Amino acid sequence: RVGRGQGRRVVQYDELTTQKRSPTLDVEHALRRALENQEFHLVYQPQMDLRFGRIVGVEALLRWKHPERGLVSPVEFIPVLEESGMIDAVGAWVIDEACSQARHWELAGTPLRVGINLSPQQFLDPRLFDTIVGTAERRGVSPKRVELEITESLAMQDPTRAIELLTRLRGLGYKIAIDDFGIGYSSLEYLLRFPIDTIKVDRAFVRNITNSQADRAIVGAITVIARTLGINTIAEGIETMRQCDFVEALGIGEIQGYLIGKPMSPREIEHLIVSFRRPGREPEQ
Ligand code: C2E
Ligand code: MG
Ligand code: MG
Ligand code: MG
């Protein structure tokens, strides 16, 4: 008869030798070392204000450069970080790095609002509030430069707790954005109950905006409600000048997408803001 500990070891050995080991386990193993090996970095995607044609913010996006596999998409590895519980540690690193960069831009005289994505798993961590506030204070960045992006599903999994946490953060001056808006379970009630500053309209509604009356109606309705409630709107995934014209006509406040710039390094952001000209318009004389 085999003891409990021995039994477990046999199962693992068996899995390894019969090649049943899932690719996810390899990724998980590699991710465990990625933080200490400094394989993560952030890229920043610019956001342009449509009224003034200026870059007013950026979104921080996580990148993982695997030593052999090269750049891995966050769509692939963020679910693994979440399932394995590693998202708290990596998420804390993202917050620190983004706050440090935001402070750098403040000191350089080119302050930018920096959007930070929070995953549902991070939200369950009772230390999240202290992590955010502690990090921003240590880095010396003003809370108003930090925009926390949360998704609908995240807010819906425990709305009471989410509202309480977001209200406390907002009370200190942090900005709150609802990411990928419109593709989840959001409703008007949802909008009215959450303490938010910004709605990021999902790329799904922008993609066909030039020929879909339904998508135009949805985006138009969102902007009307947002304006009434004093909420800023950002259209995601704007790739063409025509898409830009359409969302501008519908009353969207800011755009983010390849038309303005792909996610890029901090240095590239600095070059962009110095030379920036709103696309499709002649510079004023
Ligand atoms: P998201 O927060 O909705 O980020 C926007 C995604 O759309 C980014 O993909 C960006 O590169 C892409 N995108 C931006 N403009 C365009 C465009 O004009 N056309 C097209 N086709 N795509 C565009 P990315 O960087 O691959 O990130 C994917 C998702 O991974 C993000 O979606 C976000 O949910 C998640 N993510 C990224 N970084 C982090 C992070 O630090 N923490 C967490 N929890 N999630 C993150
Ligand atoms: Mg986002
Ligand atoms: Mg988004
Ligand atoms: Mg999206």
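The values are calculated or read from the model by the stated rules, or taken from the named source; none is laboratory data. Please read all numbers here as calculations on a predicted model, not as lab measurements. Positions of Cβ are generated from backbone atoms using ideal geometry, with glycine treated the same way; all protein chains shown enter the neighbour counts. Accessible surface areas use protein heavy atoms only, side chains included; no ligands, DNA or RNA. Shrake-Rupley method; radii C 1.70, N 1.55, O 1.52, S 1.80 Å.
Express as a percent, rounded to the nearest 5, the fraction of DSSP beta bridges in the chain (both residues included) that run antiparallel. Before the final figure, lay out the partial values.
Working: 17 of 39 bridges.
DSSP beta bridges in the chain are roughly 45 percent antiparallel.
Need one number: % antiparallel among DSSP beta bridges in region 47-142, to the nearest 5. Provide the component values of the computation, followed by the final result.
On the way: 6 of 10 bridges.
The answer is about 60 percent antiparallel.
Highest GNM mean-square fluctuation among Q213, Q47, Q101, for the chain modelled with Cα contacts below 10 Å: Q213.
Evaluating 6.51 cos²θ - 1.76 cosθ + 1.60 at θ = phi - 60° for every residue in region 50-66, the Karplus couplings come out as 6, 6, 10, x, 10, 6, 10, x, 9, 10, 7, 10, 6, 10, 10, 9, 6 Hz, glycine and proline recorded as x.
May I ask for the percentage of alpha-carbon pairs in region 127-186 that lie more than 20 Å from each other? Don't jump to the answer; show the numbers that get you there.
Values: 484 of 1770 pairs.
Counting every Cα pair in region 127-186, those more than 20 Å apart make up 27 percent.
When the accessible area of the chain is split by element with a 1.4 Å probe, what percent falls to carbon and sulfur? All intermediate terms of the calculation are to be shown ahead of the outcome.
Values: 7720 of 15450 Å².
Percent of accessible area from carbon and sulfur atoms in the chain: 50.
Normalised by the number of residues in the chain, the average gap of Cα pairs under 8 Å and 6 or more apart makes the relative contact order 17 percent. Taking a label point 7 Å from the Cα of S153 along the Cα→Cβ vector, which residues of region 73-94 have an amide N closer than 16 Å to it? Flagged as within label range: 74-85, 87. Among the listed pairs K65/K262; K65/K144; K175/K200, those whose Cα-Cα separation exceeds 24 Å are K65/K144. The chymotrypsin sites (Phe, Trp or Tyr not before Pro) found in region 103-197 that occupy coil by DSSP, while having at most 15 further C-beta atoms within 10 Å, are Y185.
With loop membership from DSSP and a limit of 11 other Cβ atoms within 10 Å, the longest segment of the chain without GluC sites (Glu not before Pro) is 69-283. Taking the helices alone, the chain has a mean residue ellipticity at 222 nm of -15000 deg cm²/dmol, built from -39,500 (n - 2.57) per DSSP H run of at least 4 residues and averaged over all its residues. Can you work out ³J(HN,Hα) from phi for every residue in region 144-152, in order, using Karplus 6.51 cos²θ - 1.76 cosθ + 1.60 and θ = phi - 60°, giving whole Hz and x for Gly and Pro? My calculation for region 144-152 gives 5, 7, 9, 10, 8, 9, 10, 9, 4 Hz in order. Solvent-accessible surface of the chain, taken per residue with a 1.4 Å probe and all protein chains present: 54 Å².
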